[in-house]
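Each remark here refers to the structure printed beneath this line.
The values are calculated or read from the model by the stated rules, or taken from the named source; none is laboratory data. All figures in this text were calculated on a predicted structure; none of them were measured in a lab. Positions of Cβ are backbone-derived with ideal geometry, glycine not excepted, and every protein chain shown enters the neighbour counts.
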Amino acid sequence: MFEQAYNLNATDTVYLYYAASDAVNAKDFDYAESKFKDLIKLKYDGESQTYVATSQATGKVESFGFDRKARDLAVKNGSHTQPETLFNKSAKTSIYNNLTHILLNKENYSEGESYALKAYELDKDNINNLLNVLYLYYDTNRIYKYREYAAEGIQRFPENETLLYNLAVINMRNNQNEQATNYLNKILLLNKNNFDALKALGNLELQKDADITNKINALPNTIASDKKRNELMQEKRLIYTTTLDYYKKAKAVNAKDESLNELIIQIQDFLNKN
């Protein structure tokens, strides 16, 4: 529908923008990609003014769209009062962001990078623009670039829980658990009820159990090894107790996480038997 409207009036590129956006919602990404690229070629900005005024009949604010003359005439005729102009932001960032998502999903990283960086350059205060850049460099294993933008992100968004959590996850994937723990603890300082951070800290603590279990299994079945085995079992209990504390706090925030609930039952069962 929007493309048809654009074809009827090729000077009104807003319809082309709506057509591209509709295509994204419909998951027709090839079509959306071509239309967003057309908008860039046409140097579409999307920055505009919407003219509104308050209806004397209903008392509600009504929009006259882009038609200032119609709004002014309504005010002059007395049917409307309190004319205002609403300023619509540029759509450039949205266009580059949509192209970034489309191309990264296609694993077209080389082309996607240019759009991701352009979106970030246009609006550095949008956390999603930064996250797109971080994902891009992490997925393409350019860790030096990832670290560069991560450091910039921490400077710009030092208290953004979403950024801190994503940095924690990426560090966990790289087995950099100490750094991940630091990020997660920063989140809890900002919000002690952050479910994802609480569960992730429990998961990190539980990972330590594998090493303890391997050490226990490696001990010979001798009386001389009993003391060491008891020490390791105490360490195991401490790991489980600490993990359980994180998991219970997480459950208090979200009791519907079935995997979490199952882990809590298993840990409690172990502690009750040992």
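Quick notes on this structure:
- Those residues of the range 7-66 which are under 18 Å from Thr100 (Cα atoms), part of a loop (DSSP other than H, G, I, E, B) and of a type outside the set (A, V, I, L, M), in sequence order: Lys27, Asp28, Lys43, Tyr44, Asp45
- The sole residue among Glu107, Glu121, Glu111 that is part of a loop (DSSP other than H, G, I, E, B) and over 15 Å from the mean Cα position of the chain (by Cα) is Glu107.
- Only one entry in Leu117, Leu131, Leu103, Leu122 is touching a residue at least 60 places away in the same chain (Cβ under 8 Å) and touching a helix residue (DSSP H, G or I) at 6+ places or on another chain (Cβ under 7 Å), namely Leu103.
- Just one of the listed residues (Glu33, Glu62) is surrounded by 14 or more Cβ atoms within 10 Å (Cβ to Cβ) and over 20 Å from Tyr115 (Cα atoms), and it is Glu62.
- In the range 67-94, residue farthest from the chain's Cα centre (by Cα) [restricted to those that are assigned to a strand (DSSP E or B) and within 30 Å of Lys118 (Cα to Cα)]: Thr85
- Close contacts from the range 198-217, counting a first residue that is buried (at least 21 other Cβ atoms within 10 Å of the Cβ) and a second that is among the polar types (S, T, N, Q), with Cβ to Cβ under 6 Å and a gap of 6+ residues or different chains, come to Gly202/Thr243; Glu205/Thr242; Glu205/Thr243.
- Criterion: modelled with pLDDT of 95 or more, within 18 Å of the chain's Cα centre (by Cα) and part of a helix (DSSP H, G or I) - qualifying residue of Ala151, Ala197: Ala197
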